[in-house]
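Take a look at the structure below.
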Amino acid sequence: MSTPPVRLGMLGARHSHAPGKLRWLRDLASIDLAGVYEPCAQARAANEAEPNSAGVPYVDDLGQLLDDPALLGIVIGGAERQNPPYARLALQAGKHVLMEKACGWTRAHVDELTGRAERAGLLFQMGYNNRLTPHVRRVLDMQARGEFGGVFRVRAHMSSAYQPNADRYVDGSAYFSGGIFYNLGSHALDLVMAVLGTPQRVHPFLRCDRFRDSGYVDNATVVLEYPRAAATLEVSHLETEQIRPRSFEVYGSAAQAVVSPWAAIGDRAPAVAVHLGGVGAGADGWRVYGSGRERPFADDVEAFAACIRGDRQPRFTYAHDRAVHHTLMDICGESDVEEAAV
């Protein structure tokens with residue numbers, strides 16, 4: 001007997017990840033997409049112009065999704081200032097939540113939202129879409145099995161190509177504190193902390209090297225300090241091409257692993273190079289593992305549906321997501337902006 005699809009909805013479709021999420025909400029047989037609430041006509045039109053996100057059912061009334069008893073989960077994909085209130089509404093309606101990063105721009109946001117979910121027994125998963133890809137998952141599985149030995153160094157490089165309007169929010173106002181580190185560094189931080197946990201101290205070097213007039217942080221190096229390890233995170237908004245340089249590296253006393261690239265680019269597919277056997281293995285200790293497929297944004301959507309069905313348990317806990325966001329705020333500082341009305 002086939003398993004019935006999980007009925008999901010989506011609130012907001014203006015986040016940069018929204019087209020990727022819409023593709024799988026629309027196409028996966030395990031999901032019944034009830035509808036997408038996005039009141040911005042321009043955002044709808046932009047999504048309809050993309051093959052990955054065209055043809056999804058939009059609804060004009062939030063209640064059509066929130067009041068649907070058969071709808072079990074909601075994906076939050078609006079513009080960043082819309083997402084905390086969208087998530088709050090979904091949790092108040094008793095729906096499981098998959099929320100696009102980041103989890104707001106204050107510590108209070110993550111404490112409130114994850115706390116609501118935890119008390120109600122609801123899933124609250126963050127849309128760090130790289131955390132569940134096969135090549136990254138291999139590294140995290142190695143760490144869980146203790147195969148690295150004592151980890152002493154983690155490095156992440158997660159940057160973006162230069163865009164002249166990067167320092168502006170969608171309404172034209174200033175972007176969040178921390179600039180590109182708030183935006184993309186949160187991805188790198190999520191992975192580093194999945195390996196090493198919460199750092200003892202953070203040492204942010206947040207620079208404005210091209211966006212000097214607005215003060216937007218466009219070139220950041222952050223060092224995380226641990227009792228027996230250090231991590232470096234390199235994030236900028238100044239590169240000429242962003243996909244090929246992205247990497248995630250874990251170095252331990254018994255093994256090491258280098259994920260590069262994170263996504264397909266040119267002649268290279270997503271892959272992880274793993275070195276086993278310690279120092280004695282030399283160059284012969286390296287093995288390269290491909291991801292086997294290239295389906296951006298599929299993994300977290302599939303995992304969300306599987307967890308709702310009870311077929312899987314969430315890999316990342318409320319406590320992990322709280323710790324990541326608190327550390328992000330330690331690095332970037334909180335932003336003094338209002339939530340958008342929804």
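Rule-based calculations on the coordinates, nothing more; no lab input. From a predicted model like this one, the values you see are computed outputs, not experimental measurements. Neighbour counts run over all protein chains shown; Cβ positions are idealised from the backbone, glycine included.
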Angle check, please: helix 83-92 long axis (alpha carbons) against the longest principal axis of the chain (alpha carbons), in degrees 0 to 90, nearest 10.
60
For residue 139, what is the net charge nearby, where nearby means another residue's Cβ is under 15 Å from its Cβ and Lys, Arg count +1, Asp, Glu -1?
+4
What distance in nm lies between label points placed 7 Å from Cα along the C-beta direction at residue 153 and residue 205?
1.5
In deg cm²/dmol, rounded to the nearest 500, the helical mean residue ellipticity at 222 nm of the chain, built from -39500 (n - 2.57) for every DSSP H run of length 4 or more, is -8500 deg cm²/dmol
By how many degrees, between 0 and 90 and to the nearest 10, does the Cα long axis of helix 18-27 differ from the longest principal axis of the chain?
70
log₁₀ I(q)/I(0) of the stretch 134-290 at q = 0.12, 0.13, 0.19, 0.20 Å⁻¹, via Debye over equal Cα point scatterers, no solvent, to two decimals?
-0.56, -0.65, -1.15, -1.22
With angles folded into 0 to 90 degrees, how steeply does helix 134-144 sit against the dominant principal axis of the chain? Use alpha carbons for both and round to 10.
60
Order of 332, 307 under a 10 Å beta carbon neighbour criterion, fewest first:
307, 332
What percent antiparallel are the DSSP beta bridges of the chain, to the nearest 5?
60
Any chance you could check the Cα centroid distance between the stretch 239-277 and the stretch 142-193 for me, in angstrom?
15
Go through the stretch 178-188 residue by residue and turn each phi into a ³J(HN,Hα) via Karplus (6.51, -1.76, 1.60, θ = phi - 60°); whole Hz please, and just put x for glycine and proline.
x, x, 5, 5, 4, 6, 9, x, 4, 4, 5
Averaging 1/r across every pair of distinct alpha carbons in the chain and inverting yields a Kirkwood hydrodynamic radius, in angstrom, of 20.7
